[in-house]
Amino acid sequence: MIRKGWFMTLSILMVCTLVLSGCSGKSETMKVKIGEVTRSVFYAPQYVAMEKGFFEDQGLEVELQTTFGGDKTMTALLSGGIDVALVGSETSIYVYQQGAEDPVINFGQLTQTDGTFLMARESSGAFEWDQLKGKVFLGQRKGGMPQMAGEFALRGKSIDPRQDLELIQNIDFANIASAYASGTGEYVQLFEPQASIFEQEGKGKVVASFGVESGHLPYTVFMTKESYMNENADTVQRFTNALYQAQQWVNTHSPEEVAEVIMPFFKDTDPEIVISSVKRYMEQGTYATDPIVDDQEWNNLLDVMEQAGELKERVAAEEIVNNRFAEQAKRSGE
């Protein structure tokens, strides 16, 4: 009887140990380092995922850093300084064109339009695109998505950005707003919330949206190295699940509610400015409602890059886009 009782006790202990070890494996927290190309209301769903605990619910501990510029962001990703980059999908194409052995793979789309607006220093009456001709235009960095999408939109309005206006694009992204504020340019291409801030300060007026004019693009996408994706597929899936949950939350809540959640990331910005910025982006459908990069968006991106002279050859989406995680996240979330 004693031996039987001892055996049963040992069996129970072994089962409990197996159960506990299994549970600990499932609840193991994985750390993911994200590098965002800039801090912007443009990336609201990312901040929602962090503040609402969606990453945490997926067993992820996210460390966010702002890497200030596409080149620096990609350098950080390729060198292993970050695990995941939030940056324009054109950067993955640049890496692919260089013949990288470990290509960068797009797996989760965050924004689906350009996020810049055209601001006029002086504006009266209805805006017409022809008003730009002969003017000084303070644009974005050559080869970056904002500049390429901006030029694509201008050409769509029969304006040659090289011939019909004086184009300035040699100012670093971080200094464009201050250059405009100091008097450079009659027109400027700005992201939110800077555009709304300048409107509030009486420094100009938003007269058009490059996001509306350039159409749907995989504009800002979460991406990682192929090797990281292969070695950490479960982590990438959990990350994408949290992203999709945040996208759906943003899609079903008001600009005021979204702004309230993301305010910790914009502590020095007037809450009303954050609300107006989110509202602008929501009204033009900037925030993607799922992480999938579709073929139409990808081909539009290639058209934009081709027109800008930045594409050596058209890159098929299947080469550097992996929608498997996004599609699984969407199925699981429905």
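So for the stretch 221-266, what percent of the C-alpha to C-alpha distances run longer than 13 Å?
Summing the P(r) tail past 13 Å for the stretch 221-266 gives 66 percent.
Could you derive backbone 3J(HN,Hα) for the stretch 56-68 from the dihedral phi with the Karplus parameters 6.51, -1.76 and 1.60 (θ = phi - 60°), listing whole Hz in sequence and x where the residue is Gly or Pro?
4, 4, 8, x, 10, 10, 9, 10, 9, 9, 9, 9, 6
Mind checking which of 140, 85, 188 is farthest towards the positive end of the chain's charge dipole, using Cβ charges of +1 (Lys, Arg) and -1 (Asp, Glu) about the Cα centre?
Going by the charge dipole, the pick is 85.
Rounded to the nearest 500, what is the 222 nm mean residue ellipticity of the chain from helices alone, with -39500 (n - 2.57) per DSSP H run of 4+ residues and division by all residues?
Numbers: 16 runs with 157 residues, N = 334.
Using -39500 (n - 2.57) per qualifying helix, the result is -13500 deg cm²/dmol.
Residues with beta-carbon under 15 Å from that of residue 154, excluding residue 154: net charge, scoring Lys, Arg +1 and Asp, Glu -1?
-4
Just from the alpha-carbon atoms, what are the Rg and Dmax of the stretch 133-181 in angstroms?
Using the Cα atoms of the stretch 133-181, the pair Rg, Dmax is 10.7, 29 Å.
Over the chain, what number does the Rg to Rh ratio reach, with both radii from the alpha-carbon atoms and Rh per Kirkwood?
Numbers: Rg = 23.0 Å, Rh = 21.3 Å.
We get a ratio of 1.08 for the chain.
In what sequence, highest mean first, do 188-201, 265-278 appear when ranked by Cβ atoms within 10 angstrom?
Values: 188-201: 20.9, 265-278: 17.3.
My ranking of the peptides, most packed first, is 188-201, 265-278.
Quick one: 3J(HN,Hα) in Hz for the stretch 327-334, Karplus 6.51/-1.76/1.60 with θ = phi - 60°, rounded, Gly and Pro as x.
5, 5, 4, 5, 4, 5, x, 8
Report, as a whole number in µm² per second, the diffusion coefficient that Stokes-Einstein gives for the stretch 84-238 at 20 °C and 1.002 mPa s using the Kirkwood radius over alpha carbon pairs.
Answer, rounded: 127 µm²/s.
Which entries of 279/312; 31/225; 157/205; 203/267; 33/279 have Cα-Cα distances beyond 27 Å here?
Working: 279/312 37 Å; 31/225 16 Å; 157/205 20 Å; 203/267 22 Å; 33/279 29 Å.
Checking Cα-Cα distances, 279/312; 33/279 exceed 27 Å.
Any idea of the accessible area per residue across the stretch 165-207, 1.4 Å probe, to the nearest Å²? All intermediate terms of the calculation are to be shown ahead of the outcome.
Working: 1980 Å² over 43 residues.
Here the residues of the stretch 165-207 average 46 Å² of exposed surface.
Between the stretch 262-321 and the stretch 172-249, how far is it from one alpha carbon centroid to the other, in angstrom?
Their Cα centres are 7 Å away from one another.
For the stretch 47-166, would you read off the P(r) tail past 19 Å as a percentage of all alpha carbon pairs?
Percent of Cα pairs beyond 19 Å in the stretch 47-166: 61.
In terms of modelled amide H atoms, which long-range or inter-chain residues lie less than 5 Å from the amide H of residue 64?
Result for residue 64 returns 34.
Using θ = phi - 60° and the Karplus curve 6.51 cos²θ - 1.76 cosθ + 1.60, what whole-Hz ³J(HN,Hα) does each residue of the stretch 99-106 get, with Gly and Pro shown as x?
Residue by residue, the stretch 99-106 yields x, 4, 6, 10, x, 8, 10, 7 Hz.
Count the net charge of all other residues whose Cβ sits under 13 Å from the Cβ of residue 109, scoring Lys and Arg as +1 and Asp and Glu as -1.
On the way: positive: 330; negative: 290, 294, 295, 297, 327.
Local net charge: -4.
Translational diffusion coefficient, Stokes-Einstein: compute it for the stretch 253-334 using the Kirkwood radius over C-alpha pairs as Rh, at 25 °C and 0.890 mPa s, and state it as an integer in µm² s⁻¹.
157
Taking amide H atoms as placed 1.01 Å from N in the peptide plane, list the residues 5 or more away in sequence, or in a different chain, whose amide H sits under 5 Å from that of residue 209.
Amide H neighbours of residue 209, under 5 Å, 5+ apart: 118.
The values are calculated or read from the model by the stated rules, or taken from the named source; none is laboratory data. Note that the structure is a prediction, hence the values are computed from the model and not measured. Virtual Cβ from ideal backbone geometry, glycine too; neighbours counted across all protein chains shown. The protein model used for the area step is the full one, side chains on, heavy atoms only, and it has no ligands, DNA or RNA in it. Shrake-Rupley method; radii C 1.70, N 1.55, O 1.52, S 1.80 Å.
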